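Contents: one structure, followed by commentary.
FYI, it's all coordinate maths here, none of it is from the lab. In this text the structure is predicted, and so the values were computed from the model without any measurement. Every residue, glycine among them, receives a Cβ derived from its backbone with ideal geometry; neighbour counts consider all protein chains shown.
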Amino acid sequence: MPGDGTRDSNGAHIPANKPVAAPEAVDLETKVEPSQDRARNTFETILTVTGDLLGEVGFERLSTNMICKRAGISPPALYRYFPNKYAILRELGRRLMDAQDEAVFEWIREGGVQQSTFEDLLESCLLIQSRVNDITRTFPGGAWILRVMRVIPVLREVRVESRQTVADSIRSAAQKAFPGIPEARLTTVTKLTTEMMYAATEMAIEEPDLEEEITREACIMVASYYTRLTGIE
């Protein structure tokens, strides 16, 4: 079923709602920002290796020792930058969200929901949904990063902040295009539709065989709603 989980490197199914143990409070801050080329290379290697390992072994089996072994570095080298695996995942999550968000901002600049017909709006929605799906699919460990940000409380704020920023940006652009719609209603609409589109991305990444159907149905629903809201035909 769509959205019912993901799979590890052996094809074993992992339920999306399976509880994931995580501490209530954990240090998530990067210890040192690398300034030299060698340090930056180490920093980026840690992130890339972590993303790759997530796709292979999943979150619960992932450990800093495993990351160090794959990256060919010592534990002190890793701990110079990150205090634990949660901090690494937070940085990966932030980067994935930033990449997704920038695609949406570019889409808004290209017109976004400001279209003159339902068909144009549907095509516009399909365009941005496909872009975000592609970004997520090609990001190292993208499916697992989305999952851990959804189920681990200490990482959830990265996801929440990203969604809110996107919804606010779409609302701001829509307000200029459709000044007759009350701001309070437009705020609710953009938040709901933003959550729906990102949920569709998560479903599509977890169930790639259904990606085309999931993407199109989600875009039809969003385009239909904005068509009715704005009065375009």
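Here are the numbers for the structure shown:
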| read-out | value |
| --- | --- |
| R0 of 45 Å, Cβ-Cβ distance residue 74-residue 221: FRET efficiency to nearest 0.05 | 0.30 |
| Three-way shape call for region 81-233 based on the alpha-carbon gyration tensor, with the a/c threshold at 1.5 | prolate |
| Anisotropy class of region 138-225 from Cα gyration tensor, a/c 1.5 cut | oblate |
| Distance between modelled label sites at residue 123 and residue 40, nm, 7 Å Cα→Cβ extension | 4.0 |
